[in-house]
1. Over the protein assembly as shown, with the other protein chains present, what is the accessible area per residue in square angstrom, probe 1.4 angstrom?
2. Give me the percent of the accessible area of the stretch A:287-391 that comes from carbon and sulfur atoms, probe 1.4 Å, all protein chains in place.
3. How many angstrom separate the Cα center of the stretch A:42-76 from the Cα center of the stretch A:243-267?
4. Which distance in Å, rounded to a whole number, links the C-alpha centroids of the stretch A:187-218 and the stretch A:317-391?
5. For the stretch A:44-129, state which GluC sites (Glu not before Pro) are in a DSSP loop and have at most 11 other beta carbons lying within 10 Å of their beta carbon.
6. Roughly how crowded by other chains is peptide A:32-40, in terms of the mean Cβ count from those chains within 10 Å of each of its Cβ atoms?
7. At 222 nm, what helix-only mean residue ellipticity would chain A give, in deg cm²/dmol to the nearest 500, using -39500 (n - 2.57) for each DSSP H run of four or more?
8. Report relative contact order for chain B in percent, whole number only (criteria: Cα-Cα under 8 Å, sequence separation at least 6).
Amino acid sequence: MPGSSTGDAAPRDLAPESAEDLYHRAPCGYLTTRPDGTVTRVNHTFLAWTGLEEPEVVGRRLVDLLGGGSRIFHETHYAPLLLLQGEVREIAFDVVCADGRRLPVLVNSLVVAGDDGEPLGIRTTVFDATLRHDYEQELLRARKRAEASEAAAREVALTLQRGLLAGGLTGGDGFRVETRYRPAVQSLEVGGDWYDAFALADGRIAVSVGDVVGRGIAAAGAMGQLRSALRALAGSGLGPGPVLDELDAFCARLPEAKLTTVAYAEIDLDDGRVRYATAGHLPPLVVHDEGDVAYLWGGRSTPLAASPRTEPRPEAEVVLRESSRLLLYTDGLIERRARDIDDGFALLAATAARLHDRPVDEMADRLVEELLADEDHRDDVCLLAICLEPR
Amino acid sequence: MGVVERNNVNVSGPAGGQPMVFSHGFGCDQTMWRHVIPSFADRYRTVAYDHVGFGGSDLAAYDPARYADLQGYADDLLELCAELDLHDVVFVGHSVSAMIGVRAALTEPERFAHLVLVAPSPRYVDDADDGYVGGFSAADIEGLLASLDSNYLGWSSAMAPTIMGNADRPELGDELTNSFCRTDPAIAQQFARVTFLSDSRDDLGQVRPPCLVLQCTDDVIAPDAVGAYVDEHLPRSRLVRLAATGHCPNLSAPAETSAAIDEYLAASA
């Protein structure tokens, strides 16, 4: 009985709750279908949400109440799952309302079987998922934007890197230069390796290969600066040892450049004399026209800006015969976690020897191909091959 | 990795029996055949497999370039037949796999004794140019792809939302809860595009092995007119209309499905 107006009225309560009322005035839509999907009973909440009348729902199949894409999904996923598992939860569908509007919903369905285990019908609760759907769409859009943004950032880094490596000589009267770059297989960020070939004022040709520690835009930026600084300092004509000493001083003011390794050589095309020096870098390889090869172990010193130096950096000299090649490379070409470095040296030497009489572009291609055939290289790989040619 | 592992191949039945290869359709895996295969495993060498990217197959073997076309799946099927040395194969393909079988039979017609096409469709999208009714508009297919996105939002937490634990249904085997209908969402999207936007109508006229077309009643994915179209354009085929409704008679009416296949094979012997 409705209570009196005084504060002593008995607390209001729904009990007793009739099954009819529990069914029709539920906070969700509720349907019963036959095993083949024909609706046999539907509650008022579902009708209110969709604007459909009972005769428009009862007697039709659940799949026919759904919008195009949902109809396919109903047949390809929902129905098989239900048949195999006896229930499904949280399936997202679009229900077509009386006014043509699509209502996004989540459904749970339960197969009800008789005592013999055969399905008698399916009970399905329907939850209005409009707001959740909107939120999900927003999240999906945000995720797509983030993925596009990441891809764009990567593109920018690659473009920068390509730009920073441009401008090197590829050949001239008496020489030919081939360069190759292979990024690390599993890395998402650009690396700090470089190659360069440029002319000195007196007509000699300078070549360099370097390796900045780390990855990403910062390493690429430092690489660009070092490559340019080396060009500028080389112009002094002081020779490899002093040039690397000056580069040390430059690096001291550039934190990202600490521990960079460099191999640098100056080649006189007239007499084949090569002056060279390496700062913490793997030794260049000479490949003579007759197939003999030799690593250049002279002129070695510590990486750039490693620690304060008390001695000038050393340099060394070698003479190249005509048609000889000089190879500079970064450690990604031969260093492997699971392989001794000496085996790496031996492999490069043997492969280069075998290719000594191939045209230098083919030699470069095949060196990279064969040395990286194991696909285990975790590091960027840089190769520069300069070949002396008859003038 | 071998084909058997890559495609989660399961073989049953007598070693000398005629091979029967079961190929599942979009969305699920070979579990779709679990009520049909036992009817044949006493007499035939039954071979069930999962398409790469589905069920218990090796997801790492999924190559978007290879599977950008149904031919990639047809090639897998032929690799499987070669690997297991199968001849005179009775191919049973459901839904989109029907056309995968058709494609395989164009490449190696002598490999197959019969093609059983369950609820097939050579093209799902209506073609306004020649009046072909596939049953769907291009917008409907985009809606399906959006539906896939909505239903896979929970993928990243390792369980697609359609799979639930069976703690309260101990009578269900473990195998049902782990892989059925679950796949990588990117793979599901591409497979949906490739299959639902494909057009295999021109393939039908060149099929050499005899075919059985099983057409369901009230199948929204492959309606009656489409089954009739397939039957008309196959050079040698029989059309059988099942009383089963919906798109998956192999699950909803396995007895009727098995009986129809049995009857056809007996009559063709």
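The values are calculated or read from the model by the stated rules, or taken from the named source; none is laboratory data. The model shown is predicted, which means the values in this text are computed figures rather than measured ones. Neighbour counts run over all protein chains shown; Cβ positions are idealised from the backbone, glycine included. Just so you know, the surface numbers come from the protein's heavy atoms only, side chains and all, with ligands and any DNA or RNA stripped out. Shrake-Rupley method; radii C 1.70, N 1.55, O 1.52, S 1.80 Å.
1. Heavy-atom SASA per residue in the protein assembly as shown reads 44 Å².
2. Solvent-exposed carbon and sulfur of the stretch A:287-391 make up 48 percent of the total.
3. 73 Å
4. Spelled out, the Cα-based centre of one part sits 17 Å from the other.
5. Hits after loop and neighbour filter: A:E53.
6. Working: counts 0, 0, 0, 3, 7, 4, 2, 0, 0.
Counting other chains' Cβ atoms within 10 Å and averaging over A:32-40 gives 2.
7. The helix-only estimate for chain A comes to -9500 deg cm²/dmol at 222 nm.
8. Over chain B, the number comes to 20 percent.
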